[in-house]
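What follows is a short report on a single structure.
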Amino acid sequence: MAESDLRLRLATLDDAAMLHAWRNDRHTREASRTTDPIPFEQHRAWLEACLADPNRTLWIAESTSGPVGTVRFDQGDQAELSWTVAPTARGQGWGTRMVALALNEVSGTVRAVARGNNVGSCKIAMANGFQVIDDDGEWVTFERIVGEEKTP
Ligand SMILES: CC(C)(COP(=O)(O)OP(=O)(O)OC[C@H]1O[C@@H](n2cnc3c(N)ncnc32)[C@H](O)[C@@H]1OP(=O)(O)O)[C@@H](O)C(=O)NCCC(=O)NCCS
């Protein structure tokens, strides 16, 4: 499917149940810093705070057949991009493509962090021009400079 058949839209509170299901998926939890399942109310409060945070952007990636994943961008001293592909949409190239779309929306020095054994995410980062800047044996930190760096 062409990249134009995939788009990013901003997440809303209506996405709470879907994002909660993706977040509590076993593989998502294994890839996360916090591996315990999260109760729905806690997740909803997190999403509400996310949507109100001016330094955070949360997108839903949608193909013509529906939502396939989510990408989060955190601005600040250390900008970071993170992502999850819907459990039923994995292994079809969506992760690589939705991260490419998100990179079109951001600029500056952006990091991404993945467990070293998360081959899919490490490949997504490398395919999108990130370089490894640290590997502590458990977590790999990637960095990419996107677009024009603002000069002081
Ligand atoms: C990891 C994850 C993001 C991959 O998304 P995806 O859409 O399946 O990835 P893609 O289809 O774009 O695949 C990218 C590459 O990784 C490879 N890959 C994907 N999943 C893989 C897996 N589980 N094991 C080994 N390789 C994998 C693909 O074969 C592809 O390789 P290629 O470029 O050499 O062809 C997705 O499985 C996921 O959301 N997992 C749970 C949550 C998670 O890990 N979040 C990221 C935290 S950093």
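Within this structure, Thr64 fails the test of being open to solvent by 40 Å² or more (accessible area, probe 1.4 Å) and without any contact (Cβ under 8 Å) to a residue 12 or more places away in the chain. In segment 108-127, of all residues being more than 6 Å from the ligand (Cβ to nearest atom), assigned to a helix (DSSP H, G or I) and open to solvent by less than 70 Å² (accessible area, probe 1.4 Å), the one that is nearest to Val71 (Cα to Cα) corresponds to Ala125. Within segment 58-72, not a single residue is in contact with a strand residue (DSSP E or B) (Cβ under 8 Å, 6 or more places away or on another chain), more than 15 Å from the ligand (Cβ to nearest atom) and not in a strand (DSSP E or B).
The single residue among Thr88, Thr96 that is within 13 Å of the ligand (Cβ to nearest atom), more than 9 Å from the chain's Cα centre (by Cα) and free of Cβ contacts under 8 Å to residues at least 24 places away in the same chain turns out to be Thr88. Among the residues of segment 28-57, just one is open to solvent by 60 Å² or more (accessible area, probe 1.4 Å), part of a helix (DSSP H, G or I) and under 20 Å from Thr141 (Cα atoms), namely Glu30.
Residue selection: Glu80 satisfies the criterion of being within 17 Å of Phe130 (Cβ to Cβ) and either within 14 Å of the ligand (Cβ to nearest atom) or in a loop (DSSP other than H, G, I, E, B) (or both). What pairs come out if I take residues in segment 23-49 that are free of Cβ contacts under 8 Å to residues at least 24 places away in the same chain and within 15 Å of the ligand (Cβ to nearest atom) and pair them with residues that are open to solvent by 60 Å² or more (accessible area, probe 1.4 Å) and not in a loop (DSSP other than H, G, I, E, B) whose C-beta lies under 8 Å away, six or more apart or interchain? What qualifies is Ile38/Trp46.
Here Asp53 qualifies as acidic (Asp, Glu), away from the ligand (no atom under 15 Å from the Cβ) and in contact with an Asp or Glu (Cβ under 9 Å, 6 or more places away or on another chain).
Filtering segment 103-152 to residues that are without any contact (Cβ under 8 Å) to a residue 60 or more places away in the chain and of a type in the set (Asp, Glu) leaves Asp134, Asp135, Asp136, Glu138, Glu143, Glu148, Glu149.
For the structure I just gave you, tell me whether Gly91 is within 25 Å of Leu6 (Cα to Cα) and either in contact with a Pro (Cβ under 9 Å, 6 or more places away or on another chain) or in a loop (DSSP other than H, G, I, E, B) (or both). Yes. Scanning segment 79-107 for residues that are out of contact with any strand residue (DSSP E or B) (no Cβ under 6 Å at 6 or more places or on another chain) and among the polar types (S, T, N, Q), we see that the one that is least open to solvent (accessible area, probe 1.4 Å) is Thr96.
The values are calculated or read from the model by the stated rules, or taken from the named source; none is laboratory data. Since the model is a prediction, treat every value here as computed from it, not as a measurement. All Cβ positions, glycine included, derive from the backbone under ideal geometry; neighbour counts span all protein chains shown. For accessibility, only protein heavy atoms count, side chains too; no ligands or nucleic acids. Shrake-Rupley method; radii C 1.70, N 1.55, O 1.52, S 1.80 Å.
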